[in-house]
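Working notes, structure below.
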Amino acid sequence: MSHWMLAASLLGGLMVLTLGADRLVAGASRLAVLAGISPLVVGLTVVAYGTSTPELVISVKAGLGGNPDLALGNVVGSNVFNVLFILGVAGLVAPLAVARQLVRLEVPIMIGASLAVWALALDGAVGRWDGLLLAVGIAAYTTWSIWRSRREEADRRAATPAPPEAGPAGGQGRGRELLSGLLWVGAGLVLLVVGARLFVDGSVALARLLGVSDLVIGLTIVAAGTSLPEVATSVVATLRGERDIAIGNVVGSNIYNLLAVLGVSALATPGGLRVAPALLAFDLPVMVAVAVACLPIFLTGLSIARLEAAAFLGFYLAYAAYLVLKAQEHDALRGFTAVMLEFVIPLAVLGIAVSLWRHFRSPAASR
């Protein structure tokens, strides 16, 4: 692939992704109103699963093609990217309000799924039985989320009944709205998949020219490329004021990646997915730590302020820099690691601890 083709693939992919994200958010918001499902649950399910389609396609293809490092690296890298980079960028665009439901339910589920995948991988592989367990988990979570949301929305409407619609015209109008929402969601998903594929193909070709390993490609370029739908969707949702969709998209995508993408990939790959020692020793613990860090940050003030968003983004850049330095066995790796372990990470942990202490001492936390 020539340099011009690489540039065209990367830029074209970004343009298609942006358009697809805008149409997906618009359609999903319309469907949420018509189906009696809250925007948060739409973000956690319909939008999150749709924007994670590239991860599913790439990981299954990589597993079947004999590249388990790429398949697993894509899932782990995407989850780290989703939280640190996407919430960092979206939070810098505008401070994000966090729904209490996320703190009570979805973030603990994301943490539990992260720990479960780490535990399943400890024997050096995510086998087919492991994949079946993960796939059953995403089916149960999706069914429960939609049932719970519809029940809560029905209770809310019963408490504040809306005036009846005006006869057949109302029903026809609702049908047209439903069809329009479905068409926009479908068009948005198609554009997202096409855009992500263009970007990933260009990125992988570039990485091959630079001589980067499959695992590093999966953890960085492919993970970032397949997560571009989430980037575009979350940023567009933030700009449109649909901030429940913005955060729900990230948390839901992480749950989907762990349970559905990894589960289906392990089921589809003969013999399951082999886990590289480097992934087990470093990247899986980082993924779990990032998921756990969401809970105290989301809890304090039920928001992601611009300073916290900047910290998220900074940590992702540091993580990516570490992977690149390690892959190249660069002389700066030792000093970089020492600074992160001895100064940056302890300072971040101290900041989170102080925020939690202030939160639990505040009068609002006691109510």
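As an exercise, use a Förster radius of 41 Å and the Cβ-Cβ distance of Ala348 and Arg151 to find the FRET efficiency, rounded to the nearest 0.05.
Working: r = 39 Å, r/R0 = 0.95.
So, using R0 = 41 Å, E works out to roughly 0.60.
Solvent-accessible area of Met5, probe 1.4 Å, all protein chains present, reported in Å² to the nearest ten, please.
Rounded to the nearest 10, that gives 110 Å².
Can you give me the distance in nm between label points at Ala338 and Leu183, each placed 7 Å from the Cα along the Cα-to-Cβ direction?
6.4 nm
Sorted by packing (mean other beta-carbon atoms within 10 Å per residue), highest first, where do 185-193, 101-109, 39-47, 346-354 land?
Working: 185-193: 20.6, 101-109: 19.0, 39-47: 28.0, 346-354: 12.7.
The packing order, highest mean first, is 39-47, 185-193, 101-109, 346-354.
Rounded to whole Å, give me the distance from the Cα center of the range 221-243 to that of the range 79-107.
11 Å
Starting from the residue with the highest accessible area, list Val126, Val89 in decreasing order, probe 1.4 Å.
Details: Val126 0, Val89 40 Å².
Descending order: Val89, Val126.
Is the range 98-139 rounded, prolate or oblate when judged by the Cα gyration tensor, a ≥ b ≥ c being the square roots of its eigenvalues, rounded requiring a/c under 1.5 and prolate requiring a/b larger than b/c?
Values: a/c = 5.35, a/b = 2.09, b/c = 2.57.
Verdict is oblate for the range 98-139.
Nearest 0.05, what FRET efficiency do Asp331 and Arg358 give at R0 = 41 Å with Cβ-Cβ as r?
Numbers: r = 41 Å, r/R0 = 1.01.
Here the calculated transfer efficiency is 0.50.
Using a Förster distance of 41 angstrom, determine the FRET efficiency expected from the C-beta separation of Ala119 and Leu11, and round it to 0.05.
It comes out at approximately 0.50.
Run the 1.4 Å probe and let me know the accessible area of Asp201, rounded to the nearest 10 Å².
Counting only protein heavy atoms, the figure is 70 Å².
Could you please put Ser59, Ser180 in sequence from largest to smallest accessible area, using a 1.4 Å probe? Display every interim value, and only then the final one.
Numbers: Ser59 0, Ser180 30 Å².
Final ranking, largest accessible area leading: Ser180, Ser59.
Of Asp244, Asp22, which has the most accessible area with a 1.4 Å probe, and how do the rest follow in descending order? Can you show the working numbers first?
Working: Asp244 65, Asp22 45 Å².
Heavy-atom accessible area, descending, gives Asp244, Asp22.
Here are some values of Rg/Rh (Cα atoms, Kirkwood Rh): [x] 0.95; [y] 0.98; [z] 1.08. Which one was computed from this structure?
Answer by label: [y].
Would you mind working out the magnitude of the charge dipole of the chain relative to its Cα centre, with +1 at each Lys and Arg C-beta and -1 at each Asp and Glu C-beta, to the nearest 20 Debye?
On the way: 24 positive and 21 negative charges, 173 e Å.
Computed about the Cα centre, the dipole is about 840 debye.
The values are calculated or read from the model by the stated rules, or taken from the named source; none is laboratory data. Note that the coordinates shown come from a computational prediction; the quantities given were computed from them, not determined experimentally. Neighbour counts run over all protein chains shown; Cβ positions are idealised from the backbone, glycine included. All accessible areas refer to the heavy atoms of the entire protein, side chains included, with ligands and DNA or RNA removed. Shrake-Rupley method; radii C 1.70, N 1.55, O 1.52, S 1.80 Å.
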